[in-house]
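The values are calculated or read from the model by the stated rules, or taken from the named source; none is laboratory data. Predicted model, so just to flag it, every value in this text is computed and none were measured. Backbone-built Cβ (ideal geometry, glycine too); neighbour counts: all protein chains shown. In case anyone asks, the SASA skips ligands and DNA or RNA and just uses the protein heavy atoms, side chains included. Shrake-Rupley method; radii C 1.70, N 1.55, O 1.52, S 1.80 Å.
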Amino acid sequence: MSPVALLLTTLATFLNIYMVLLIIRFLLSWFPNLNWYDPPLSILSQLTDPYINFFRSFIPPIGGIDFISPTIAILVLQLAAGLLTGLRSQFLY
């Protein structure tokens, strides 16, 4: 495997792992009684909120419920991971 293909595979894997973290964050946001200052939840929040907040700046929550910005954030990651996987196939020998 070429170094470029290895790099693209690594980036696509990272994006897929980050996408899982976003989905977990999105599902946990439905539980209002969670303490986001507890260590596991605060780490998850610190990892995912900057990326989601980027989309929230364009699409504010509707009625206090935020479904659209996390959904678009996940779709963008899926698109990027798919593009990286497609590019990787160009560098495989």
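Using the structure shown, decide if Asn53 is among the polar types (S, T, N, Q) and under 19 Å from Leu21 (Cα atoms).
Values: among the polar types (S, T, N, Q): yes; under 19 Å from Leu21 (Cα atoms): yes.
So Asn53 passes the test.
Checking each residue in segment 63-76 for being under 27 Å from Ala5 (Cα atoms) and surrounded by 18 or more Cβ atoms within 10 Å (Cβ to Cβ) picks out Ala73, Ile74. Close Cβ contacts (under 7 Å, 6 or more residues apart or on different chains) running from residues in segment 64-77 that are free of Cβ contacts under 8 Å to residues at least 24 places away in the same chain and closer than 12 Å to Thr48 by Cβ to residues that are open to solvent by less than 60 Å² (accessible area, probe 1.4 Å) and outside any helix (DSSP H, G or I) comprise Ser69/Ile59.
For the residues Ile74, Ile52, Ile43, Ile59, the requirement of being among the β-branched types (Val, Ile, Thr) and not in a helix (DSSP H, G or I) singles out Ile59.
Being without any contact (Cβ under 8 Å) to a residue 60 or more places away in the chain and farther than 23 Å from Met1 by Cα, is that true of even one residue in segment 79-92? Among the residues of segment 79-92, at least one is without any contact (Cβ under 8 Å) to a residue 60 or more places away in the chain and farther than 23 Å from Met1 by Cα, which makes the answer yes.
In segment 8-45, which residue that is under 20 Å from Leu75 (Cα atoms) and open to solvent by 90 Å² or more (accessible area, probe 1.4 Å) is farthest from the chain's Cα centre (by Cα)?
Kept after step one, since they are under 20 Å from Leu75 (Cα atoms), are these residues of segment 8-45: 8-30, 44-45.
If we keep only those that are open to solvent by 90 Å² or more (accessible area, probe 1.4 Å) as well, we get 14, 17, 30.
Numbers: Phe14: 9, Ile17: 8, Trp30: 17 Å.
Among those residues, the one meeting the criterion is Trp30.
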